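The structure under discussion appears below in the form of structure tokens.
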Amino acid sequence: MRGIAVALLITLSIFSLLSLLLQHRFHLSLSSADDVHVNVDQSMEVKGLIHHSSPTTNITAVVTVGSKSDERTSKLADGCYHVFLDVGSNIGMHARFLYETTSFPRALIARTVFMNQFGPEQLRDNRDICIFSFEPNPSHNERHAEMRKVYAAMGWRYYPINAGVGDADGSLTFYHVGDDLGFTTLKSSCRKECISEQVHVYRLSDWIDREVHGREVPATKFSNDLFQKGPRVVMKMDIEMMEWLVLPDIVRSGVLCRDIDALMGEFHLEIQWFLYPIHFPDRNLTLHNYTEATVLKDELLGKIEQTPNCKTQIAMQDDETHGNDGVPWPKPST
């Protein structure tokens, strides 16, 4: 018994030490009741990983009211009652899980999140939901273009964005092996010779603030009003290790807690010991081993869940149904 007690004390001491170390990486700061930020120290700050470029320019609408002119920049999400952000969409399976729910009965995680936020599938109308799909892998561009065409014929709004996301606008090198579906920023994860691709990257927090926050929401919706939760924004994130930079940034900016009603996805923790340490180039951030990565992930997610006035519901799980789709595209009813 004494040996067990000593071992337990050692374990608790190690955990306490890890917690103290992690306090230097993440700390919570509330600047007002409605302004929520998780501040991250210089180990997670922008240090040139992504080269900056000019932001995209949107059309500006001028509305004249009486003798005054109210200038407003239009947003991509204007007119969308609900918004689903599929960040790291791969071949777009989560869009299919949402728009074609009954065709994918095994996608239980996604179906549950969609039901809780957008309402039961029997009451939903896909015309109320806009999907914005971020995918940097150019080998998937043709499929996403086809999805947009198919869904447009159904009256559904699907917008593929052939770009990645980061914590700054710019460009980033991704790696893949042959025709692999996956795309990663970590060259060390390739066991064979990697193919590199330079892709455009949006700072996700800025993009959401610019294109989704404050969108014009329709006064009425197509679906049954029995589900009275109001307009929702749901995000799925599966971005192959970039979440270690993107998630702290959207939390620190306040965008996550302000705009995202539900977050699901995957936090990548490489189990293979030979992939560690994982370095983020031009950042003072290194994941030394699986244990440290796990504790750091739990620390960040815990801070979000404990943040007052943060509406985001978190379910960091993912439905891994990517390959061998095989389900025919929907067709408009005649």
Exercise for the section: Obtain the nm distance between the two label points defined at ARG127 and ALA152 by a simple spin-label model: each point lies 7 Å from its Cα along the Cα-to-C-beta direction. Expected result: 1.8 nm
Completion exercise
From fewest to most C-beta neighbours within 10 Å, the residues ASP86, ASP259, ASP318 line up as ASP318, ASP259, ASP86
Problem - Total charge dipole magnitude, the range 67-106, about the Cα centre, Cβ charges on Lys, Arg, Asp, Glu only, Debye to nearest 20 - result: 80 debye
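Quick check on the exposure proxy: order LEU108, LEU76, LEU226, LEU263 from fewest to most C-beta atoms within 10 angstrom.
Numbers: LEU108 12, LEU76 18, LEU226 9, LEU263 23.
Listing LEU108, LEU76, LEU226, LEU263 from fewest to most nearby Cβ atoms yields LEU226, LEU108, LEU76, LEU263.
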Completion exercise
With label points set 7 Å from each Cα along the Cα-to-Cβ direction at THR294 and TRP329, the distance between them in nm comes to 4.4 nm
Exercise for the section: May I ask you to evaluate 6.51 cos²θ - 1.76 cosθ + 1.60, the Karplus curve with θ = phi - 60°, for each residue of the range 237-248 and list the ³J(HN,Hα) values in order in whole Hz, giving x for glycine and proline? Expected result: 10, 9, 10, 6, 5, 5, 4, 5, 9, 6, 4, x
Handout entry: Interchain or long-range residues, amide H under 5 Å from CYS80's placed H
Key = none
Completion exercise
Output for the range 277-311: trypsin sites (Lys or Arg not before Pro) sitting in coil per DSSP, at most 14 other Cβ within 10 Å, listed by number, reads LYS311
Exercise for the section: Can you pull the one-decimal nm distance between simple spin-label points at ASN224 and THR173, each 7 Å off the Cα toward Cβ? Expected result: 5.5 nm
Exercise for the section: Please list, in chain and number order, the residues 5+ apart from GLU121 or on another chain whose amide H is under 5 Å from its amide H, with Hs placed from the backbone. Expected result: none
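The numbers here are math on the coordinates, done by the rules we state, and not lab data. It should be emphasised that the depicted structure is a prediction, and the values quoted were computed from it without experimental measurement. Virtual Cβ from ideal backbone geometry, glycine too; neighbours counted across all protein chains shown.
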